[in-house]
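Student: Pasting in a structure now, in structure tokens, and then I'll have a few things to ask.
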Amino acid sequence: MGLGGYWNEVLDVLRDIIPVYDKVNSFISLGKDEEFRSRGLLGRVKEGNTILDAGSGFGNMSKTASKLCGNNLKIILYDPLTPMLKNTKKFFEKTPALASGVFEHIPFQDEKFDAVICGYSLRDAISLKTSISEIHRVLKKGGRFVIVDLGKPDHPFIRMGVSFYLRALLPIIAFAAAGKLGLKFATLYGTYKLWPQNKKLKDLLLEKFSKVEFDTAMMGGAIMVGAYK
């Protein structure tokens with residue numbers, strides 16, 4: 001499971017949409033992205049924690065985590081796209097540490113982080129199983145892995161509805177928000193097709209983590225997950 005060879009195409013699209021990334025994401029999540037990030041992070045990231053924001057983009061998950069923890073976190077933003085990381089300076093009063101790389105080869109020592117957080121990014125892993133194993137490795141004992149992302153409902157009828165939204169309606173919304181550049185967000189449907197159903201993702205996490213809390217919204221089309229080492 002994961003994007004495999006499709007990853008390079010997705011990375012190219014992500015690079016192209018940097019100028020409209022945040023604006024369109026807010027539109028296509030129907031304005032719920034910040035709410036879902038807060039729901040996923042609340043109680044799982046704590047003041048004084050050392051955090052790896054994996055697939056950080058501009059650091060939206062970290063910004064939310066900082067607000068919840070009184071700006072008392074040690075944060076590393078980690079993303080394969082250095083242009084994304086370079087844009088983070090305008091979003092933080094004090095720029096966090098920056099590192100570039102992929103989920104499958106995280107360049108940090110074992111048991112370094114209190115929490116690893118992924119906001120709408122784990123879905124872009126090349127190999128999902130390898131990524132989960134690497135994240136587990138860099139977490140301290142008792143550490144938390146927080147995932148906020150699209151969900152793939154287990155019920156086939158609801159899953160069909162989510163697929164229709166991503167395939168047919170999302171490009172229209174993205175175009176309305178950002179013009180022709182917004183149409184590139186249609187690539188998101190390709191990542192969704194390769195994303196496991198919610199129950200399968202939970203089972204995959206339980207192969208490495210001792211406990212998984214799996215919360216959903218939008219009839220399973222959005223997930224907020226906490227996995228505990």
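Read-outs: derived from the displayed coordinates by stated rules, not from any lab. Fair warning: this is a prediction, and the values are worked out from it, not measured in the lab. Using ideal geometry, Cβ is built from the backbone for each residue, glycine included, and neighbour counts are taken over all protein chains shown.
Student: If you restrict to DSSP beta bridges whose two residues both lie in the range 4-228, what percentage is antiparallel, to the nearest 5?
Tutor: Antiparallel bridges make up about 45 percent of those DSSP assigns within the range 4-228.
Student: Would you kindly state how much longer the chain becomes between residue 94 and residue 112 on full extension, computed as 0.36 nm times their sequence separation minus their alpha carbon distance, in nm to one decimal? All intermediate terms of the calculation are to be shown ahead of the outcome.
Tutor: Numbers: separation 18, 0.36 × 18 = 6.48 nm, distance 2.18 nm.
Gain on stretching residue 94 to residue 112: 4.3 nm.
Student: Does the range 129-174 come out rounded, prolate or oblate, given a ≥ b ≥ c as the square roots of the eigenvalues of its C-alpha gyration tensor, rounded meaning a/c under 1.5 and, failing that, prolate meaning a/b above b/c? If you can, show how the numbers build up before the last one.
Tutor: Details: a/c = 3.56, a/b = 2.45, b/c = 1.46.
Prolate.
Student: Between residue 228 and residue 9, how many nm apart are label points set 7 Å from Cα along the C-beta direction?
Tutor: 4.1 nm
Student: Within the range 40-94, list the chymotrypsin sites (Phe, Trp or Tyr not before Pro) lying in a DSSP loop whose Cβ has at most 16 other Cβ atoms in a 10 Å radius.
Tutor: Here the sparse-neighbourhood loop sites are 92.
Student: Quick one: Cα centre-to-centre distance for the range 177-229 and the range 15-34, in angstrom?
Tutor: Centre-to-centre distance over Cα atoms comes out at 16 Å.
Student: Let me ask you something else. Principal axis extents for the chain, Cα atoms only, whole Å, descending order, please.
Tutor: 43, 39, 32
Student: Quick check on my link table: of 112/141; 112/229; 23/152; 141/208; 67/141, which ones sit more than 21 Å apart, alpha carbon to alpha carbon? Walk me through the numbers before you get to the answer.
Tutor: Details: 112/141 10 Å; 112/229 13 Å; 23/152 23 Å; 141/208 12 Å; 67/141 25 Å.
Result: 23/152; 67/141 exceed 21 Å.
Student: Among the aspartates and glutamates, which fall within straight-line cross-link reach of residue 193, defined as a Cα-Cα distance under 16 Å, with same-chain neighbours fewer than 8 residues apart omitted?
Tutor: Within the straight-line cut-off, residue 193 pairs with 9, 124, 149, 154.
Student: Which order do peptides 1-9, 144-152 fall in by mean Cβ count within 10 Å, highest first?
Tutor: 144-152, 1-9
Student: Give the peptides 60-71, 213-224 in descending order of average Cβ contacts within 10 Å, highest first.
Tutor: Ranking, from highest mean packing down: 60-71, 213-224.
Student: Same structure, new question: Subtracting the Cα-Cα distance from 0.36 nm times the residue separation, let me have the gained length for residue 172 to residue 200 in nm, one decimal.
Tutor: 7.1 nm
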